């Protein structure tokens, strides 16, 4: 059995071309997957940013409402405390008379004479 070198070279050449085609196809598929992964990564990043922005806005709106309510409550408490302090000061200085509502003071009790 004689091996024909021309046939062997031809067979190897054909096999090499098949392998080259397979490798090229695999490289193209890998490049396509890389593009798809890159696109998916970009979409995921955009979704992440938009979601975080929406959550931040929602959180800010929620806190804004609560902060306004807290501010109103603090203002009401401060005004109430100031009114109480003002009434106490006016009572202590005599601007507002404490006791009966008549303008004349009640008579002073006197001791009985023996």
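The values are calculated or read from the model by the stated rules, or taken from the named source; none is laboratory data. Bear in mind that the values here come from a model prediction, so they are computed numbers and not experimental data. As a convention, Cβ positions derive from the backbone with ideal geometry for all residues, glycine included, and neighbour counts pool all protein chains shown.
Here is how the numbers come out for the structure above:
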| read-out | value |
| --- | --- |
| Sole exception among (1) at pLDDT below 95; (2) in a helix (DSSP H, G or I) for residue 106, by number | (2) |
| Residue check, residue 83 modelled with pLDDT of 90 or more and either surrounded by 10 or more Cβ atoms within 10 Å (Cβ to Cβ) or not in a helix (DSSP H, G or I) (or both) | yes |
